[in-house]
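Following: one structure in structure tokens, then a few remarks.
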Amino acid sequence: MKESALTKTSFAGLSATFVGNGIGRFAYIALMPALISSGWFSKGEASYLGVATLVGYLLGAPLANYLVRRFTTGQIMRSAMVMCSLSYLACAFPDAPLLWFYFWRTLAGVGGAILMVMAAPAVLRYFSEGIRGRVSGVVFSGIGLGAMMSGTLIPLLILQSVSAAWLGMGSICLLLTIINWRTWDIPLPDQAVGAKTHEDHQTKVSSAAVALILSAYTLNAIGYLPHTLFWVDYIVRELHMSLWIGGLCWAVFGIGAALGPLFTGQMGDRFGFKQCLIACFMLKAFGVVLPLLSNHLNGLLVSSFLVGAFTPGIVALVSAYTLECVGIHKHRRAWSIMTFSFAVSQAVVGYIMAYVVSDSISYRPLFLVSSMALLISAICILFTRVKPVDTANVKIIN
């Protein structure tokens, strides 16, 4: 019987990335122009609030490793999903002090990082090696589905009020948290039940190869920042298009982000993770630089789709490639290091970008910087040398 990539367990992983990153992180991008135009925040304040989420993400990545030694996976996953839900519900009060918003946007980043670190390693251990790329795609497609939903619903909710948009996003997160509440009660990897092997088959890989993958993933954080911090604001206020156009472009970003991991995961299983990663970095670099070549709506939509598709698509591939490199038992720790490095990069460079654009008249130079970072990522992967061991005799217990 053919093993399915979409099960109750993989759906729980999808929901975790949906709540933690699709909504917890990315819905704020669609909200940002309305927050500025309605007078909730200045451009600088709104930009720094976006960076607060990145700082929280930086804190959350190492925190996940600390928590997993003291609590079960279920307790951690549920708590992080509740945290992300509350981070939106608590921001629905326009008269709250600015520090209140900084606090909750930081917590959204903490929760998002914990869910990003925990979801894939927790889920992938239940599936055989030949399907893990597709399962990884299912898990990380939650990022895109959340972005797509926020880009579609936020312009509608803002017609009621900005507070309604905050409440709507928080309510969706809370609903998914409740739906998957009992799923996380099943024995998960920290309890050493589920996917087991007769022995820990690991890839014989040089430390140089791991360092190159880490470098590529770190630079990938720079590559996606303009689109995930300023894209809607760039379209609406710099290009003088409507909020509906901005929402449309963000929804297309979300559609790409929902489909991208599914596509890249399948291609990774079929053609190999290294080859797919090189192609994805190149295509993403083109998507990032495209706004410098064309401000036509079609060009903006193509850029939205490409960057959207390969933002979580690359995450899914890197997670699966890391698993291939270090083995199943070391995956969570290695993925935590990858996530932490990614978080440091995006927090530092995101702060620099927010500082630069707060006094700048244009976002356009950021697209050039980010596309160059992605090209270097492709070169890093090109020089990796990974030789998997024979895993034909690995037995997966479902």
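The values are calculated or read from the model by the stated rules, or taken from the named source; none is laboratory data. It should be emphasised that the depicted structure is a prediction, and the values quoted were computed from it without experimental measurement. With ideal geometry, Cβ positions are generated from the backbone for all residues, glycine too; neighbour counts draw on all protein chains shown. Ligands, DNA and RNA are excluded from the accessible area calculation, which covers all protein heavy atoms including side chains. Shrake-Rupley method; radii C 1.70, N 1.55, O 1.52, S 1.80 Å.
Here is a yes/no grid of residues against (1) modelled with pLDDT of 50 or more; (2) open to solvent by less than 60 Å² (accessible area, probe 1.4 Å); (3) closer than 30 Å to residue 153 by Cβ; (4) in a helix (DSSP H, G or I):
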site: 167; (1), (2), (3), (4): yes, no, yes, yes
site: 173; (1), (2), (3), (4): yes, yes, yes, yes
site: 176; (1), (2), (3), (4): yes, yes, yes, yes
site: 187; (1), (2), (3), (4): yes, no, no, no
site: 194; (1), (2), (3), (4): no, yes, no, no
site: 198; (1), (2), (3), (4): no, no, no, no
site: 220; (1), (2), (3), (4): yes, yes, yes, yes
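Output the residues belonging to the stretch 90-106 that are aromatic (Phe, Trp, Tyr) and open to solvent by 90 Å² or more (accessible area, probe 1.4 Å).
Initial filter on the stretch 90-106 (aromatic (Phe, Trp, Tyr)): 93, 100-104.
Result: 93, 100, 103.
Name the single residue, out of those in the stretch 50-81 being over 18 Å from the mean Cα position of the chain (by Cα) and either of a type in the set (Val, Ile, Thr) or crowded, with 24+ Cβ neighbours inside 10 Å (or both), that is modelled with the highest pLDDT.
76
Can you tell me which of (1) under 20 Å from the mean Cα position of the chain (by Cα); (2) open to solvent by 70 Å² or more (accessible area, probe 1.4 Å) is the one residue 350 doesn't meet?
Unmet for residue 350, out of (1) under 20 Å from the mean Cα position of the chain (by Cα); (2) open to solvent by 70 Å² or more (accessible area, probe 1.4 Å): (2).
For residue 235, work out the one condition from (1) under 20 Å from the mean Cα position of the chain (by Cα); (2) crowded, with 24+ Cβ neighbours inside 10 Å; (3) modelled with pLDDT of 85 or more it doesn't fulfil.
(1)
Which residue is nearest to residue 248 (Cα to Cα), if the candidates are limited to the stretch 274-331 and must be surrounded by 18 or more Cβ atoms within 10 Å (Cβ to Cβ) and hydroxyl-bearing (Ser, Thr, Tyr)?
Among those residues, the one meeting the criterion is 304.
Considering only the stretch 16-47, state which residues are among the basic types (Lys, Arg) and surrounded by 24 or more Cβ atoms within 10 Å (Cβ to Cβ).
Here is the first cut: in the stretch 16-47, the ones among the basic types (Lys, Arg) are 25, 43.
25 - this is the single residue of the stretch 16-47 that is among the basic types (Lys, Arg) and surrounded by 24 or more Cβ atoms within 10 Å (Cβ to Cβ).
What do you reckon, is residue 130 open to solvent by less than 10 Å² (accessible area, probe 1.4 Å) and assigned to a helix (DSSP H, G or I)? Steps first, answer last, please.
Details: open to solvent by less than 10 Å² (accessible area, probe 1.4 Å): no; assigned to a helix (DSSP H, G or I): yes.
No: the conditions fail for residue 130.
Looking at 154, 143, 114, which is the one that is under 30 Å from residue 271 (Cβ atoms), assigned to a helix (DSSP H, G or I) and of a type in the set (Val, Ile, Thr)?
Details: 154 fails: under 30 Å from residue 271 (Cβ atoms); 114 fails: under 30 Å from residue 271 (Cβ atoms).
Matching residue, one of 154, 143, 114: 143.
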